[in-house]
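Notes to accompany the following structure.
The values are calculated or read from the model by the stated rules, or taken from the named source; none is laboratory data. Just so it is clear, the model here is predicted, and its values are computed rather than measured. Positions of Cβ are backbone-derived with ideal geometry, glycine not excepted, and every protein chain shown enters the neighbour counts. We work out accessible area using only protein heavy atoms, side chains counted, and drop any ligands, DNA or RNA first. Shrake-Rupley method; radii C 1.70, N 1.55, O 1.52, S 1.80 Å.
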Amino acid sequence: RIAIDETSSRRGHRYITLFVDVDTKTVLFATEGKGKDTLARFNQYLLQKGVESAQIQEICCDMSPAFIRGIEEQFPAAEITFDKFHVMKMVNEAVDEVRKAEQKEEPGLKRTKYLWLKNKTNLKAEQRDTLESLKDKNLKTGRAYRLKLAMQELWTTPHVFADVYLREWLGWARRSQLGAMMDLAKTVKQHEEGILRWFHSRMTNGLLEGINGLVQAAKRKA
């Protein structure tokens, strides 16, 4: 069970991609770039170690088309789980797009970006009061925020109802008349199988975020 993520190696869009064994929490391989070629190099490395590609049963990654193509070509037997933190990042970006478009006619939305993006429990009392007063108004941003909260609820939905819940969320997002949320719904629909795979694999890239932090700390120290 492998998790994949990229982190910057230097300025100017230079990256390395890390491959981590989720269960042993071990970095198995690191290579330059972040395209599908990184999967080919990883597969070649495994073959040199006597590991057949069919032994990789589960892979967790973001929705990078390059990663998806690379997995399909190099590890066709593997099931793909799309990282739920990446899914929620996309939802947050869509909420902020709605807010930025609406603040032109609603000045009260200026400088409120993080009120909508942070978890409510992480807000200060004054921030929570501001959020409460804004979200109860008939704002497009408020509607987008409620869609975000509903997506957060997906991850606590019982496994047997998850596919139904996600379909209902997709219908709500499509009917929202919010361009960013409607676009997001298309992306989620295209990747529905990998999103729902989380309920089987329970895999995320949370571990890799910590490892990426160590890589960046080592870079700074060097």
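I'd like to know if the range 88-98 contains one or more residues that are over 30 Å from residue 134 (Cα atoms), open to solvent by 50 Å² or more (accessible area, probe 1.4 Å) and within 20 Å of the chain's Cα centre (by Cα).
No, that holds for no residue.
Starting from the range 125-143, keep only residues that are open to solvent by 70 Å² or more (accessible area, probe 1.4 Å), then list their pairs with residues that are small (Gly, Ala, Ser) whose Cβ atoms are within a distance under 9 Å, requiring at least 6 positions of separation or different chains.
Correct list of pairs: 136/142; 137/108; 140/101; 140/176; 143/176.
I need every pair where a residue in the range 92-112 that is free of Cβ contacts under 8 Å to residues at least 40 places away in the same chain and farther than 19 Å from residue 183 by Cβ has its Cβ under 7 Å from the Cβ of a residue that is open to solvent by less than 90 Å² (accessible area, probe 1.4 Å) and not in a helix (DSSP H, G or I), sequence separation at least 6 or different chains.
What qualifies is 106/139; 109/103; 110/103.
Given the conditions (1) touching a strand residue (DSSP E or B) at 6+ places or on another chain (Cβ under 8 Å); (2) open to solvent by 30 Å² or more (accessible area, probe 1.4 Å); (3) modelled with pLDDT of 95 or more; (4) outside any helix (DSSP H, G or I), report the number of the one that residue 34 does not fulfil.
Answer for residue 34: the failing condition is (3).
Before we move on, is residue 168 open to solvent by 30 Å² or more (accessible area, probe 1.4 Å), in a helix (DSSP H, G or I) and not assigned by the TED database to the domain that holds residue 61?
yes
For the structure I just gave you, tell me whether residue 81 is among the polar types (S, T, N, Q), assigned to a helix (DSSP H, G or I), touching a Ser or Thr at 6+ places or on another chain (Cβ under 7 Å) and surrounded by 13 or more Cβ atoms within 10 Å (Cβ to Cβ).
no
Given the structure, is residue 218 more than 24 Å from residue 58 (Cα to Cα) and touching a residue at least 12 places away in the same chain (Cβ under 8 Å)?
Criteria not met by residue 218.
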